[in-house]
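Only one structure is covered here, and it is reproduced in the block below.
The values are calculated or read from the model by the stated rules, or taken from the named source; none is laboratory data. None of these values were measured; they are calculated from a predicted model. Here the Cβ is made from the backbone with ideal geometry for all residues, glycine too, and neighbour counts use every protein chain on show.
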Amino acid sequence: MVNNSNIERVIGLVKESVKKYKAPVLERFNDEIKDPFWVLIPCILSLRSKDETTAVVARRLYNFAPRPEDILKIPQAQLEKMLYSTGFYRQKAKSVSQITKLIIEKYKGQVPDTIEELLTLPGVGRKTANLVVTVAFKKPGICVDTHVHKICNRWGYVKTKNADETEMKLRKILPKKYWIKINYWLVLYGQNICLSVSPKCSGCLLFSYCPRIGVKKSR
């Protein structure tokens, strides 16, 4: 069972486990562009879309319209076509346009740097808001996606029903020094080792710590 008496050791083993893997594709995009707006927009596009697809579409959109002002010049039908492969393209195009307009008009072209303000933007939930403040602004936050939620429950570190509950619980128990990077580490760990189906438990460095809650079949 993972708890705060061993969390430092567990996180250390996770970091050791994932250091051989490439950073997630969207993380590499963010590192290259270094623009809060282009941290936010791919988050909107990523809903029910594979990261690889999201990254390709985000880069294409960035190359075509790098500034918020440029995006507003794109006709809605054309924007929908550009976002088509990410799925839910009509709603995403609408959200991108609305968010861009708000950022220009209300925030003078600057993406807000607080979770509370980000949550007022169309299509922005807690996962996106936390990702933007942590990745774009290096401010404290805990971005809980499917990997973070799944793994923390599998460890027994939390017992929660959804990502928002997991975030709130982690805010109470996870040492603050891990807040910003926990998503990065656990995404890599979840994509490569602690898989949703048939995780690679036999070779996992955390085998002796993890009770494998909810795991029915493993390798």
Listed residues L195, L205, L174; which is surrounded by 14 or more Cβ atoms within 10 Å (Cβ to Cβ) and under 11 Å from C152 (Cβ atoms)? L174
Within region 59-87, take every residue that is in contact (Cβ under 8 Å) with a residue 24 or more places away in the chain and either β-branched (V, I, T) or loosely packed, with under 14 Cβ neighbours inside 10 Å (or both) and give me the one that is farthest from V25 (Cα to Cα). E69
Could you please find all residues in region 19-55 being under 12 Å from the mean Cα position of the chain (by Cα), assigned to a helix (DSSP H, G or I) and touching a residue at least 60 places away in the same chain (Cβ under 8 Å)? E27, N30, V39, L40, C43, I44
Does K127 count as modelled with pLDDT of 95 or more, on the phi < 0 side of the Ramachandran plot and assigned to a helix (DSSP H, G or I)? yes
Which residues, counting only those in region 43-75, are over 22 Å from K127 (Cα atoms) and either β-branched (V, I, T) or in contact with a Lys or Arg (Cβ under 8 Å, 6 or more places away or on another chain) (or both)? A65, I71, L72, I74
Go through region 36-55 and report how many residues are surrounded by fewer than 16 Cβ atoms within 10 Å (Cβ to Cβ) and at negative phi. 3
Report every pair of residues separated by at least 6 positions or lying on different chains whose Cβ atoms are under 8 Å apart, first residue within region 191-219 and in a helix (DSSP H, G or I), second at pLDDT below 95 and of a type outside the set (A, V, I, L, M). Q191/P24
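Of V10, V39, which residue is modelled with pLDDT of 95 or more, over 30 Å from Q110 (Cβ atoms) and hydrophobic (A, V, I, L, M, F, W, C)?
One residue alone meets the criteria, V10.
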